[in-house]
Amino acid sequence: MGRDGHARHLLGLDGMDRGVLEELLEEAERLRPVASGREPALRRLAGRIVANLFFEDSTRTRCSFTIAAKRLGAETVDVTTAGSSISKGESLLDTALTLEAMGVAGLVVRSPGSGTPHRIAGVVACPVINAGDGRHEHPTQGLLDILTLRQRLGSVTGRTVAIVGDVANSRVARSALFGLTVMGADVLLVGPPTLVPRDMAEISAGPGRVTVGHDLDAVLDRVDAIMTLRIQKERQTGEEIPPDYRQRYGLTIERARRLRPDAIVLHPGPMNRGVEIDSEVADDPGRSVIVRQVSNGVAIRMAVLARCLG
Ligand code: NCD
C-alpha cells in the first residue's frame, strides 16, 4: 500500500512491508466490535461515498465492503456489469472515470482481468482498492485470512500453513502467500501438478518459505492450518482437474481426523461442498474458522477503507 500521486491505493500484498501489514491487522482488531454491529457505526468517513465497481460476481467481498463502508459512516454506490453501460461496451476505465467525476471518495474494484485495478489506479486521482483481479491478487482476503489465523494461533510467525487445491488460478492463494511469508509463516502449496506448478515455490516474499508438494496425505500431520480453495472452473481451460480430485485432495472427514488436534481449517468461500471440502469438516465448530473469516472480512475492509480514504 503505497502512495501513488495523492491517492493511497491497496492493489496487492506483494511488496507490502510487515509494518503496514501489522498496522492494518491491529486496526482491524480494534474495529471488530463496530464491524460486528455490537458497537454503533463510526463517523470516520461520514459524508463520503465509496463506489463498488464489481465486474465479476461476488457475495462476501461485495457485501462486506458495503457493510464496512457503512460502519465507517460512508455511503456506497454499486456498479455491476449487468445494468450499467459496461453492457453497452463502455470500458472499465471510462466507467471508473465516470464515477470519479461524480465525486466518489474511492473505488473498490473487482474484475476478471488481472491488473484492471492497477490500470484504473493509473488514470484516476482517488484511491483504488483491489477486491480481486483475475488470477492475480485479492489483498483484503489475504489480510482477513492472516487476521483469522492470528486470532486462533496467537501468531503466524513460525507456523506452517498448507494452501490446497487450485492454487494456479487463485488470487486468494497468491495474496495469502505474500502476506504469510512476510509475516514469517511457512507455506506449503499442495495440489495436482496441473494446478500447483513447481515455479510457485519461488514467489515467497520472505522470511517464510514456500514449498510445493503434490501429496496432501504426507503433510496433514505437520500443518497448523489448512486452507482449501475452490476449484475455479470458470478460470480453467481443459484437463486441469484430475477425475480423482476429491479422493486425492479433498479435505474429507478422514483427512481432518489426521490433522493435529489444534489445527484449523480455512476456506475463502464459496465452497463446493463434497468436492474440495466435506460438510462435516466445513461445519466443525472445533476446527473450521470459515464463518469467522467472513466476519473478519468486515473488520479488515473497515481498516483498509479508513487507511486509504481517511
Ligand atoms: C474468492 C474470490 O472471488 O477470489 N472468493 C472470495 O472473495 N471470498 C475465492 C473464489 O471465488 O473461489
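The values are calculated or read from the model by the stated rules, or taken from the named source; none is laboratory data. Only a predicted model underlies this, so the values are computations on that prediction, with no experimental measurement involved. Don't worry about glycine lacking a Cβ; one is built from the backbone with ideal geometry, like all the others, and counts go over all protein chains shown. Calculation scope for accessible area: heavy atoms of the full protein, side chains included, ligands and nucleic acids excluded. Shrake-Rupley method; radii C 1.70, N 1.55, O 1.52, S 1.80 Å.
Just a few scattered comments:
- Residues of region 272-306 satisfying the condition of being open to solvent by 60 Å² or more (accessible area, probe 1.4 Å) and either of a type outside the set (Asp, Glu) or over 21 Å from the mean Cα position of the chain (by Cα) (or both): ARG273, GLU280, PRO285, VAL291, ARG292, VAL294, SER295
- Residues of region 79-115 satisfying the condition of being within 16 Å of the ligand (Cβ to nearest atom) and open to solvent by 10 Å² or more (accessible area, probe 1.4 Å): THR80, THR81, ARG110, PRO112, GLY113, SER114, GLY115
- Qualifying residues in region 157-208 (those that are within 19 Å of VAL223 (Cα to Cα) and of a type in the set (Asp, Glu)) - the one least open to solvent (accessible area, probe 1.4 Å): ASP166
- Apart from one condition, THR211 fits all of (1) open to solvent by less than 10 Å² (accessible area, probe 1.4 Å); (2) part of a strand (DSSP E or B); (3) β-branched (Val, Ile, Thr); the exception is (1).
- Scanning region 213-235 for residues that are within 22 Å of the chain's Cα centre (by Cα), under 19 Å from VAL156 (Cα atoms) and not charged (D, E, K, R) returns VAL223, ALA225, ILE226, MET227, THR228.
- Pick from region 134-154, criterion assigned to a loop (DSSP other than H, G, I, E, B) and touching a residue at least 12 places away in the same chain (Cβ under 8 Å), ranking: nearest to MET302 (Cα to Cα): HIS138
- Condition met for ARG255 (farther than 30 Å from ALA125 by Cβ, of a type in the set (Lys, Arg) and assigned to a helix (DSSP H, G or I)): yes
- Within region 120-149, being open to solvent by 10 Å² or more (accessible area, probe 1.4 Å), farther than 22 Å from THR76 by Cα and not small (Gly, Ala, Ser) holds for ARG135, HIS136.
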